[in-house]
1. Any chance the range 284-292 includes a residue that's assigned to a helix (DSSP H, G or I) and either touching a Pro at 6+ places or on another chain (Cβ under 8 Å) or loosely packed, with under 10 Cβ neighbours inside 10 Å (or both)?
2. It is to be established whether one or more residues within the range 256-263 are among the basic types (Lys, Arg), at pLDDT 90 or above, within 30 Å of GLU54 (Cβ to Cβ) and not in a helix (DSSP H, G or I).
3. Restricting attention to the range 71-117, which residues are of a type in the set (A, V, I, L, M, F, W, C) and touching a Phe, Trp or Tyr at 6+ places or on another chain (Cβ under 6 Å)?
4. So ASN170 ticks every box in (1) under 27 Å from LEU289 (Cα atoms); (2) surrounded by fewer than 13 Cβ atoms within 10 Å (Cβ to Cβ) but one. Which box is left unticked?
5. Would you say GLU20 is outside any strand (DSSP E or B) and surrounded by fewer than 15 Cβ atoms within 10 Å (Cβ to Cβ)?
6. With the requirement that a residue be touching a residue at least 60 places away in the same chain (Cβ under 8 Å) and in contact with a Gly (Cβ under 6 Å, 6 or more places away or on another chain), what does the range 86-106 give you?
7. Does GLY77 count as under 31 Å from the mean Cα position of the chain (by Cα), over 24 Å from GLY274 (Cα atoms) and not basic (Lys, Arg)?
8. Regarding the range 170-186, can at least one residue be identified that is part of a loop (DSSP other than H, G, I, E, B), of a type in the set (Phe, Trp, Tyr) and modelled with pLDDT of 90 or more?
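The values are calculated or read from the model by the stated rules, or taken from the named source; none is laboratory data. Small disclaimer: the values here were computed from a predicted structure and weren't measured. Reconstructed Cβ throughout: ideal geometry from the backbone, glycine too, with neighbour counts over all protein chains shown.
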Amino acid sequence: MGKKKGKGRSVKRNQNVTQEPEELIQAPHSFVIHKGLPGGHILELTKDFRKVMEPFTASSLKERKKNTIKDFVSIAGLLHVSHLCIFSRTEIGMYLKIARLPRGPTLTFKIHNFSLARDVVSSLKKQLVFERAFKHSPLIILNSFSGEGTHMKLMASMFQNMFPTINLTNVDLNNIRRCVLMNYNPTTNLIEFRHYIIKVAAVGVSKGVKKMVQGKVPNLGKCNDISEFLTKSGILSESEMEDDPNSHVTVSQKLISRGNIEQGKSAVRLSELGPRLTLQLIKVEDGLLDGAVLYHDYIHKTEEEKLAIQKKREAKKKLKEKRKRIQEANKKRKEDEKKELKQKSLKGMQKEKSETDIIMQKASKEANEEAAAEDDDDREYYRQEVGEEPDKELFMGNSTTGVKRPKTFHSYKKNKKPKLDGSTENKPPRFGKHKKHSFEGNQNKKLFGKNKKIQTKSKNKDKTNSHLRDRRPIGGKAFARKKNFKAGKKKK
C-alpha cells in the first residue's frame with residue numbers, strides 16, 4: 001500500500017497567518033520623513049522624533065529623493081497609517097508639517113529651537129534610558145490649549161489623535177513608562193515639546209529600608225551594626241533627599257518596580273529623554289498639503305479675497321475634472337479603435353487564407369486534369385500500336401492525386417576495392433593529384449620487417465604507370481584507346 005498523503009498547507013489552517021488584533025488596527029500609526037535641503041541635523045532630528053512615536057511608527061523607514069507624498073499616501077491605508085510628519089529645511093529655517101491622512105487637514109509649524117536626544121541625555125547627571133520603555137506608546141499631556149479660536153481646538157485634537165487613547169478603567173500602569181508634554185504659551189504663541197521617562201519610587205519608608213528593598217546597599221564598613229545604617233540618615237547622599245509632596249500619588253495597582261505596594265504612596269519622577277522642540281503654528285490647510293487656508297499667522301485676508309480664492313480654486317477643480325473626463329473618453333476611443341483594427345486584421349487574414357485555398361484547389365484540379373489527359377493519350381497510343389487494352393497498373397499515376405511522381409535518381413560513388421576472396425573493401429582516400437595512401441604496404445611492413453627493400457622496389461616500379469591507372473575496370477572503346485596509346489608511345 002502507498003504512503004498516506006498528509007494534509008497540504010492551507011492559508012485558512014495555517015497557524016502562522018494570524019490576524020492583527022483590533023487594538024493594533026485602531027491605534028494611530030505614523031510616518032516620519034524629511035524633505036528639502038540636506039544638513040542642519042534634520043536627519044538626526046527625524047530619527048529622534050521616530051523614537052518618540054514608537055512603537056506605532058516606521059522606525060526603519062528608508063526614503064529616497066524620488067519618493068513623493070503620493071507614494072506614502074498610496075500605502076498608508078494598507079499599513080493603517082493615519083498621520084504624516086514631515087521635517088523640512090529651507091534657506092529661511094526649519095519646519096514641521098503634521099497631516100492627517102488621507103485628506104487632511106495639515107498643520108505647519110516653524111521650528112525656532114531644537115535639541116537632539118543625545119545632547120539632552122548627555123547633559124543629565126543621572127541618565128535613565130532603557131529599551132523596555134519604548135515598547136508602549138507614551139502618555140500625551142497638553143497644557144494651556146484651551147484658548148479661543150478654531151485653530152487651537154484643531155491643534156489640540158491633532159496632537160491627541162497622534163497617540164492611542166487610554167481607557168482609565170482597564171489601563172495597566174506598568175505599560176505607561178513615557179510621557180510627551182506640550183505646553184502652550186499664550187503670550188508668545190510658542191509650544192514647548194518635551195519627552196520624559198517615568199519612574200515611580202516608594203514613599204513613606206525610611207531611606208535605609210528603601211535602599212535595602214531596592215537592592216542598593218552602600219558600603220557598611222563604617223557601621224558597627226546594620227541598625228545604624230537603618231536609623232541614621234547622614235550616611236545617604238544629598239541627591240537622595242525626599243521628593244516634593246506634590247509628586248506623591250496613591251498607586252491603585254501593583255507595580256513591577258521594587259518598594260511600590262498596592263494602595264501605597266509613591267513618588268513620580270521624570271527623567272528627560274529628548275528631543276526638545278520649540279514650535280510655532282503658522283498655517284492650517286483644509287486638504288493634504290494643498291487646500292483652502294483656514295488659518296495663517298502672518299497673512300490676514302478679507303472676506304472678498306477669500307471668496308475670490310475659493311472661486312479660483314473651484315474653477316481649477318472643474319477644469320481638472322473636465323480634463324480627466326476628456327482623457328478617459330480619449331482612452332476609451334483608442335481602445336475601441338484598437339479592437340476594430342484587430343478584427344479587421346483577423347478578417348483579412350481569413351480572407352487571404354480562403355483565397356490561397358481556392359488557388360491551391362484550382363491548381364491541384366488542373367494538375368489532375370492534365371495527368372488524366374496524359375494517361376488517356378498514352379492508353380490510346382498503346383491501343384493503336386499494340387492493338388490490345390493496356391493493364392490498369394501500366395499507366396497508374398499517384399493513388400491520391402493522380403499525378404505521376406517524378407523519378408528520382410540517386411548516384412552514389414562507391415569507393416570499394418575488390419579483394420581476392422570476392423569481398424569488397426572501402427578504398428582509402430587519395431592525397432594530392434597522383435599520390436595514393438596505401439594501408440596494404442603498412443601491413444606488409446609490420447608483418448615482414450626484414451624485406452623492406454624488396455617492398456620499396458616493387459612500389460617504385462608501380463609508380464611509373466600510376467597515372468595510367470583507373471579505379472573502374474576498363475573495357476570496350478576505352479580499352480582500345482589505351483592500347484593504341486601504349487603502342488604509339490613504344491614506336492616513338
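1. no
2. Start the filter on the range 256-263 by keeping residues that are among the basic types (Lys, Arg), which leaves 258.
From what is left, the residues that are at pLDDT 90 or above are none.
No, the range 256-263 contains no residue that is among the basic types (Lys, Arg), at pLDDT 90 or above, within 30 Å of GLU54 (Cβ to Cβ) and not in a helix (DSSP H, G or I).
3. Passing the criteria: PHE72, VAL81, LEU84, LEU96.
4. Against the list (1) under 27 Å from LEU289 (Cα atoms); (2) surrounded by fewer than 13 Cβ atoms within 10 Å (Cβ to Cβ), ASN170 comes up short only on (1).
5. Taking the combined requirement at face value, the residue satisfies it.
6. GLY104 - this is the single residue of the range 86-106 that is touching a residue at least 60 places away in the same chain (Cβ under 8 Å) and in contact with a Gly (Cβ under 6 Å, 6 or more places away or on another chain).
7. Yes.
8. No, the range 170-186 contains no residue that is part of a loop (DSSP other than H, G, I, E, B), of a type in the set (Phe, Trp, Tyr) and modelled with pLDDT of 90 or more.
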